[in-house]
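To keep things clear, I will list the structure first and then write my remarks on it.
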Amino acid sequence: MPPFVQRIAKYDPADRDEHGRYVGAEDSAGDHGPVEAAYLQAVAAFAEDTGIDHLVIREPEIAAYVHARFGLEPASDGHGLAGLFPPDLSGYHDGARVSVPVGLELVRRMLRANGAWCRLEVEDRFAVHVGWDQDVYVSTDKPCERATARTRALGLFPERLEASPYDADFDEPCAQRPADDDFWARLRRSVAVRQAAILEEGYLHNGSRWHRLTGDTLDAVRARLAPRAMLTVWPDLSTDVDAVLASLPDEGPVEFVWEDENGAVSGTTVDESEYGELAARVAGARAATALSIILDERHPLFTAVLPDSDGVLRARWRTEPTPSDRNWAFLKTLRRGRIRTGTVTEIADSGVTFVDIGGFTAMIDIPELSRRRFDHPCDVVAVGQEISVEILDVDLVRERVALSLKALRALAPEER
């Protein structure tokens, strides 16, 4: 991020505690008037000093948890974005480029904290983050003394910090799976074998669209996904809607997903106080499911994030990796012809030998076990034995790895 960071606020720094929280008597809500205008003028001054002519939306959020995190005002229709974006919020997505005036209007909506939040950045040059209690953090690639003086003249308090507390900071326990050609081939196969049926498109934080997948509709669904969307693949819904409704928990929120009589798939989060209304809303639905909102209790098939049109994955957010995603990450490290060490875990009745190579189970077909004649694979290997093998093939679509033991074992002289 740019190195020069200012916290801009209407609060005197002397009225903050040791943690930087404001403890004075001034109202932390916006005034929709001169103070709000001063904030926007200050941000505009820093943008002018930096010489930027646009801003980029990063990690946009809507509704749900935004109100609780960032402000005191009630949520408004359209997530506070009415007049800036169409009702479907097209154009409000990660990586969307907006003019400085539109960016300033987004800052205004975030100051009012009634339904939407995002980071506004220009890579390595400029960033605006709106935080709790109307603290605004502006990061620039140079000191911007004129903008700092202008901010003071507007009656606001600029204060130098080491970093913005709202800088993007995402843990990366493993590589993020991109929705590339391998992903779509994997998805197409999963749909064909009736393993996958529903695609959740996370076009924003707290905003999802749901799509039914068939071999005939997959390309059309792919074509209309929002840029940099987070994709989650699910098995089919249950056709016993009454049973799904009866299985809802006695208390606590749950995500309910259903397909209506016209084939449209929708989702909503409800708790026990809304079950009656939900039942009326989904009357006549073809199918449904209930998903826990707790990550560890959700079990999608696999996930991905859409790369940009040039194939580069620039979205910073991460999906929660599934076992399939972890397999993908491991398989991407393998190369044909490389040697691996593994442990024989099973010898199937068919003769196929299964080998654990770093937590992934790969296969040795009978012809690849040995150059010499043998009656049964047990004549060559034993369960629990550690062996060195050559990687013959890595299939990302079927998530399979073919190995060869024979390639590393030369014939003894008497066998030649």
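Would you please name the residue that is least open to solvent (accessible area, probe 1.4 Å), looking only at residues in the stretch 192-227 that are part of a helix (DSSP H, G or I) and of a type in the set (Gly, Ala, Ser)?
My answer is Ala220.
If you scan the stretch 263-285, which residues turn out to be under 29 Å from the mean Cα position of the chain (by Cα) and surrounded by fewer than 11 Cβ atoms within 10 Å (Cβ to Cβ)?
Result: Gly263, single match.
Could you count how many residues in the stretch 282-310 are touching a residue at least 12 places away in the same chain (Cβ under 8 Å) and either assigned to a loop (DSSP other than H, G, I, E, B) or more than 27 Å from Arg194 (Cβ to Cβ) (or both)?
Going through the stretch 282-310 one residue at a time, the tally reaches 13.
Looking at (1) at pLDDT 95 or above; (2) touching a Lys or Arg at 6+ places or on another chain (Cβ under 7 Å), which is the one condition that is false for Leu334?
Unmet for Leu334, out of (1) at pLDDT 95 or above; (2) touching a Lys or Arg at 6+ places or on another chain (Cβ under 7 Å): (2).
If Asp271 satisfies all but one of (1) without any contact (Cβ under 8 Å) to a residue 60 or more places away in the chain; (2) within 15 Å of Ser292 (Cα to Cα); (3) out of contact with any Pro (no Cβ under 8 Å at 6 or more places or on another chain); (4) not β-branched (Val, Ile, Thr), what's the number of the condition it fails?
Checking Asp271 against (1) without any contact (Cβ under 8 Å) to a residue 60 or more places away in the chain; (2) within 15 Å of Ser292 (Cα to Cα); (3) out of contact with any Pro (no Cβ under 8 Å at 6 or more places or on another chain); (4) not β-branched (Val, Ile, Thr), the one that fails is (3).
Only residues in the stretch 342-363 that are touching a residue at least 24 places away in the same chain (Cβ under 8 Å) and among the polar types (S, T, N, Q) count as the first member; pair them with residues that are open to solvent by 30 Å² or more (accessible area, probe 1.4 Å) and assigned to a strand (DSSP E or B), Cβ under 8 angstrom, at least 6 apart or cross-chain, and list the lot.
Note: pairs meeting the criteria are Thr343/Asp356; Thr343/Glu386; Thr345/Phe354; Thr345/Asp356; Thr345/Thr361; Thr353/Glu346; Thr353/Ile347; Thr353/Met363.
For the stretch 343-400, which residues satisfy the criterion of being within 36 Å of the chain's Cα centre (by Cα) and assigned to a loop (DSSP other than H, G, I, E, B)?
Gly358, Gly359, Leu396, Val397, Arg398, Glu399
So Leu120 ticks every box in (1) surrounded by 14 or more Cβ atoms within 10 Å (Cβ to Cβ); (2) within 11 Å of Gln6 (Cα to Cα); (3) not polar (S, T, N, Q) but one. Which box is left unticked?
In the conditions (1) surrounded by 14 or more Cβ atoms within 10 Å (Cβ to Cβ); (2) within 11 Å of Gln6 (Cα to Cα); (3) not polar (S, T, N, Q), Leu120 misses (2) alone.
Mind checking which pairs have a first residue in the stretch 205-221 that is modelled with pLDDT under 95 and a second that is surrounded by fewer than 17 Cβ atoms within 10 Å (Cβ to Cβ) and in a strand (DSSP E or B), Cβ under 8 Å, 6 or more apart or different chains?
The qualifying pairs are Ser208/Gly267.
Within the stretch 311-341, count every residue that is touching a residue at least 60 places away in the same chain (Cβ under 8 Å) and either at positive phi or part of a loop (DSSP other than H, G, I, E, B) (or both).
Qualifying residue count, the stretch 311-341: 11.
Quick check on the stretch 272-284. Is at least one of its residues touching a helix residue (DSSP H, G or I) at 6+ places or on another chain (Cβ under 6 Å) and under 18 Å from Ser208 (Cβ atoms)?
Looking through the stretch 272-284, none of the residues is touching a helix residue (DSSP H, G or I) at 6+ places or on another chain (Cβ under 6 Å) and under 18 Å from Ser208 (Cβ atoms).
Looking only at residues that are open to solvent by less than 70 Å² (accessible area, probe 1.4 Å) and part of a helix (DSSP H, G or I) in the stretch 131-167, which one is farthest from Glu59 (Cα to Cα)?
Within the stretch 131-167, the match that is farthest from Glu59 (Cα to Cα) is Ala149.
The values are calculated or read from the model by the stated rules, or taken from the named source; none is laboratory data. Because the structure is a prediction, the values reported are computed rather than measured. Positions of Cβ are generated from backbone atoms using ideal geometry, with glycine treated the same way; all protein chains shown enter the neighbour counts. For the accessible areas, the whole protein counts, side chains as well, though only heavy atoms, and no ligand, DNA or RNA atoms are used. Shrake-Rupley method; radii C 1.70, N 1.55, O 1.52, S 1.80 Å.
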